[in-house]
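Below is one structure; the comments refer to it alone.
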Amino acid sequence: MKNSLCLLASFLIFSAGTLFADVSIPYGEGAGKVDFTNNKRFPELEDPLPYGPMSFRLVEDKIWVADSVGGKLMQYDNKGKLISEFSVMPEGTKPYTIDEYKLPLLNILIEDIAPVKGEYGEAKAWWIADSVENKLLKYSVDGKKLAEIKNPEFGQLHRIEVGNSGHLFVGDMAKNLIFILDSEGKVINRINWEWSGFAVSGKDDVLYRLMWDGEAQRNILVATNMEGKVVSSKMLEVEMFDPKLWWVDESKKECVITYTPLDGFKENFILVRVGLDGKLISSVELPAPVAMNRIIDNIDYSDVFVGKCNFTSAPEGKFEVVPFKMP
């Protein structure tokens, strides 16, 4: 009985507000650091776009960070302490090599990660999207490789989600498609995609995405089942440029979207909560971490965290995951 009361008290405290501390990771090579590329480190780089951690996820009371250039996953507890990390590179392989022109040749770039959750919401395994070889990797939470998928259809893997049924949803920027794969890795459907993020919600794994209506000059929130049938669509009243859909909370009948301000990029995105009826609920500015893929995540649609970084100035500064107050 005493243990039960303690567990209940812990649950109530956790539910009342976040218990997470900021995660702060130094740039560099090796344990406890996240790797990067930029013009400061490699002056000969012609592509000015820097790279660093591109994705992070929150699961239960843990924060997982993808060391995208270093080819590893890092797990932090709710006090911001590193508790584990493991490489997803083949044994004896380095994340990148330096060629004769002193340029880094990446052997991996982790674009996104997505957890496979257990019955109680815990992470049982991780799917990892590598955009260098355009393959999907599956690892256990203790670093054991479970599967690898290389499909000739893949063009440029960018976003991934895992549904409650175990299906894998893969956003491919080159093909403008969301591939739906079963738990064995077989492609069972292909859905048109406009690079505008997507969300998977409910026990039936309904896929939500944004589609542009050129005539109305508005975005439409489209819900599609796994067979590819549109089950609902609603035009959004908010004008948006380059929107990204992050999640759908069906219990609150709303979704969360970020977009670039209509008057141009000003180092901030606009984050909006929009009802499933298409009406704006609230909005706020969100600092824009350049070159990150997944910039925001949440636990049970309540505790919200964002990535905070400046890959251009690395190794100065740190990569951080910090709490964010929703409007």
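Any read-out appearing in this document is the output of simple, stated calculations on the displayed coordinates, not a laboratory observation. Predicted model, so just to flag it, every value in this text is computed and none were measured. No Cβ is skipped: glycine too gets one built from the backbone with ideal geometry, and neighbour counts run over all protein chains shown.
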CD proxy, 222 nm, the chain: helix-only mean residue ellipticity via -39,500 (n - 2.57) per DSSP H run with n ≥ 4, per residue, nearest 500, stands at -1500 deg cm²/dmol
Of the convex hull enclosing the alpha-carbon atoms of region 93-222, the direction-averaged projected area in nm² is 10.4
So Glu148 and Ala174, fully extended at 0.36 nm per residue minus their Cα-Cα distance, gain in nm 7.3 nm
Taking every C-alpha to C-alpha distance in region 120-175 and binning by 10 Å from 0, the per-bin percentages run 22, 53, 22, 2
Against the 2.2 N^0.38 Å rule of thumb, the C-alpha Rg of region 155-295 sits at a ratio of 1.02
Total charge of the residues flanking Leu109 in space, meaning their Cβ is under 10 Å from its Cβ, with Lys and Arg +1 and Asp and Glu -1, is -3
Stokes-Einstein, Kirkwood over Cα pairs, region 16-137, 20 °C, 1.002 mPa s; D in µm²/s equals 139
Most fluctuating of Val200, Val231, Val170 in the GNM of the chain (C-alpha, under 10 Å) is Val231
Highest GNM mean-square fluctuation among Pro315, Pro289, Pro152, for the chain with Cα springs under 10 Å, belongs to Pro152
For region 63-102, the dipole about the Cα centre with charges only on Cβ (Lys and Arg +1, Asp and Glu -1), to the nearest 20 debye, works out at 180
Loop-resident GluC sites (Glu not before Pro) in region 50-142 with no more than 10 other Cβ atoms inside 10 Å, DSSP not H/G/I/E/B, are Glu91, Glu100, Glu119
Of Val230, Val256, Val69, the most mobile residue in a GNM of the chain (C-alpha springs, cutoff 10 Å) is Val230
Put in order of increasing Cβ neighbours within 10 Å, starting from the fewest, Glu267, Glu250 give Glu267, Glu250
Across 10 Å bins beginning at 0, the whole-percent shares of Cα-Cα pair distances in region 91-158 come to 19, 41, 29, 9, 2, 0
In cubic angstrom per residue, the convex hull of the chain built on its Cα atoms measures 151
